[in-house]
Each structure stands twice: as structure tokens, then as C-alpha cells.
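Accompanying notes for the structure given below.
Computed from the coordinates by the stated procedures, all read-outs in this text should not be read as laboratory data. Keep in mind that this is a model prediction, so the values were computed, not measured. Here Cβ is always computed from backbone atoms with ideal geometry, including for glycine, and neighbour counts include all displayed protein chains.
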């Protein structure tokens, strides 16, 4: 991966800095290329010629920094895979010209495509900052997300408590436990004190971002039928009416989702680390119970108690521990109960009123259109590991739903 990024650095400033390397099963370099290495030829044309010269018909792995589109909007990687058998493909980022999923994209159409780690994705973005800054993948296309960054808010809050951490510190320690452990190490304090500081910072950050969230900037503003999407997913998972089941909704945000979905549900408990959203939904649904807690620690709630666990667009949150949250979900659900979680998979490009799919690459200002599906696959694997069964995925225009059942 680092080698591919290194050769991409040699590409001319005037074009996308793209690097590709083919590697054997013995981890030996077969050949490599970069965009602009030969005037007028793409990385694919250069690599294809070298493969033919070597008589190579296969490679164990390929590392490509940017999944580029050609002038006719076909994927050059897809063309390469028709000619060379490659067992494992590693991709850094989508082409900045991509604003939607295309049918012939190997990343979405082919299984077992792996992604570069976040820190390497950030390097690729820096190499090509001007191209991504001018693209629809730039979150400045959405004023709310470009001005409300959880990581920056957490850093500011921790600094006010006497814990000064750089942006790179926060990006490298995006789990609550990791961040608290870093503070312990750097400031020589007990873990409980550090964890309390991190929890307070997260609570304030999420309260500020979502407590008074303007849904005019939300991708759901372009999908008026998003509530029908949720109800359809639930209907495929359970024959019971929502009004008859004991529901746990984790991650309330500003309360908009909960009010739209659960106003007619008499047995419902709402959980969030931010109090403002809980106050909003508590006022809208007075019969509900509200609990200030994190998804990763539901110890105040009894086990085997709920028929349905819902957490929408929370499992992709910054500093979120999917394993701990899924374990707690499994603990509080009855046998045969249903879990439904969703991953946000789109940002509203407000000037064009269209949705650009994906999630933000942590520590950057750019959306990776593949990241929502990557995140969903990781969550599905975690649900399976913990013991959920019948795991299914339901992509929609604004988010990806996962449902499962407790054994």
C-alpha cells in the first residue's frame, strides 16, 4: 500500500496522482505504474503493456490508490481484472468524479475488495487535495457537516478540561477507550477520570451537533419516504405491530427520527449520551422512558427485556465501539427479538439537492462513497460474531439498514 502511494507521488501535479502495484504470492513486486508516467497514457495502459511484456496472466494482489474512471466513465480497474486474474484487490479512494454508484464498479460489484487504512487514505487525499476539494465529495457542499465536526468539538472540550490533544492525536485514537487511555498515559491520571472527561466531551459534542439539528441539511430531506423504508425493514423481520412490542431506541439525536417512527408506541425506552435530544423526545412522547447512557454501556437496563432494539445512524458515529454496543444489544434483548441498526450513507449536496453517498473519511473534509458499505459489512460481521442470526442488509437511497434476530 505504501509503495503504491509512493509511486503515485511521482505523477505530475496536473493530474490525479494514481499509483498501482501488482504483487506475487511471495510478496514480490511484479510490476507497477503511475498516472502520467508515459505522456498521454493512463496508469492502466502503462501497467497493461508491462503485464503483456512479462507474460503475466495473474497476480496475488493489486494495490490501487484511486479507483479511477476513464474518459468514457468506465473503471480502468474493471478492464484490468478482465485481463489479469488477481486474488486480492486493495483500493484507496473512489475517483473524485464519482457522485453515485455505477454498475461496473469492481468495489461494489466484486467481493473481497479490501480498503487502505484510514491513515493511508488521508495521505492519498493530501496528494490530490485540489481534485477532491473541487468535487461533490467535499463536505463543504453541506454546511452543517462542514461546520460541525465531532472530533474538533471533542478536542476543544478536552482542552478546556486541561487535556490538550492535537488533531492527529484524536484521529489516531477514535475509540472512547483508546482516547481515555491516551489521556491516562500522557497526563498520568487514573483511567476513571480520563474516561469521565472523554464521556463529557462526547456528550457535549453530540448535543451541540444533533440536539438542535436542522433536518433541512439531512440526506433524508431528499427521501420523503424514509419512514416507509424503516417500516419495510421491520416488516421483513417481525410480524408484530410496533405498537405492541417493547422497544429500545439507542441514539436519539434531536428526537426527529423517534417522533416520526415511534409516536404511537406505548412501550418505548430512549437512550442517548446527550441530554438535549432526550428532553426533546421526552416532551413529544411523555409515556416514554429516557435514559442518559451510551450504546456501549446499557448496564442500567435489565437483560432479556426488549423485543426490538433500534439504533439508526449511530453505529457509524465517531468514537463508537461497535463490539461493545452490539454485545449490550444482545444482552438486553429477549430470545427471538429483533435488532435493526442503520448506517448513514449519504450527504445532501445542498446546492444541487442531491445525495452524494458515503461517509466522511475521519480527520478529513471528504466523503468516501464506499465507506458506508464497508462499515455495514463490519457491523454485520460483529453481529454474527456475538451470536445474532438471520443477518440481512437493506440498502436505501440515504442509509443502509441491517436486521438480525437473537438466537
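Once the cut-off is 22 Å, how many percent of the Cα-Cα pairs in the range 102-231 end up in the long-distance tail? Present the calculation step by step, with values, prior to reporting the outcome.
On the way: 4817 of 8385 pairs.
Looking at the range 102-231, the distances longer than 22 Å represent 57 percent of pairs.
If each residue's Cβ is checked for other Cβ atoms within 10 Å, how do 149, 220 rank with the fewest at the top?
Working: 149 20, 220 23.
Going from sparsest to densest Cβ surroundings: 149, 220.
For the chain, take the longest principal axis of its alpha carbons; what is the angle in degrees between that and the long axis of helix 226-237, to the nearest 10 within 0 to 90? Computed tilt is about 80 degrees. Between the range 175-240 and the range 267-319, the alpha-carbon centres lie 11 Å apart.
With a simple spin-label model that places each label point 7 Å from the Cα along the Cα-to-Cβ direction, the separation between residue 133 and residue 327 comes to 4.4 nm. For the chain, DSSP calls about 50 percent of its internal beta bridges antiparallel.
In the chain, the longest principal axis of the Cα atoms and the axis of helix 371-386 are about 60 degrees apart. Dividing the alpha-carbon radius of gyration of the chain by the rule-of-thumb value 2.2 N^0.38 Å gives 1.06.
Using only alpha carbons, the range 281-407 has a radius of gyration to Kirkwood radius ratio (Rg to Rh) of 1.00.
Only counting other Cβ atoms within 10 Å, I'd like 17, 157 sorted with the fewest neighbours first. Could you put the intermediate results ahead of the total?
Values: 17 22, 157 19.
Ascending Cβ contact count within 10 Å gives the list 157, 17.
Let me make sure I get this right: for the range 2-135, a, b and c are the square roots of the gyration tensor eigenvalues over alpha carbons, sorted descending. Under 1.5 in a/c it's rounded, otherwise prolate if a/b > b/c, else oblate. Which is it? Rounded. Cα centroid separation, the range 6-78 to the range 125-140: 22 Å.
Using the Cβ-Cβ distance between residue 224 and residue 184 with R0 set to 35 Å, the FRET efficiency from 1/(1 + (r/R0)^6) comes to roughly 0.15. Taking the DSSP beta bridges with both ends in the range 215-406, the antiparallel portion is around 55 percent. Counting only alpha carbon atoms, the long axis of helix 150-160 and the longest principal axis of the chain meet at about 70°.
On full extension, the segment bounded by residue 126 and residue 292 gains 55.8 nm, given 0.36 nm per residue less the C-alpha separation. For the range 156-196, the relative contact order is 28 percent, taking Cα pairs closer than 8 Å that sit 6 or more residues apart in sequence and dividing their mean separation by the residue count. Neighbour counts of other Cβ atoms within 10 Å put 294, 342 in the fewest-to-most order 294, 342.
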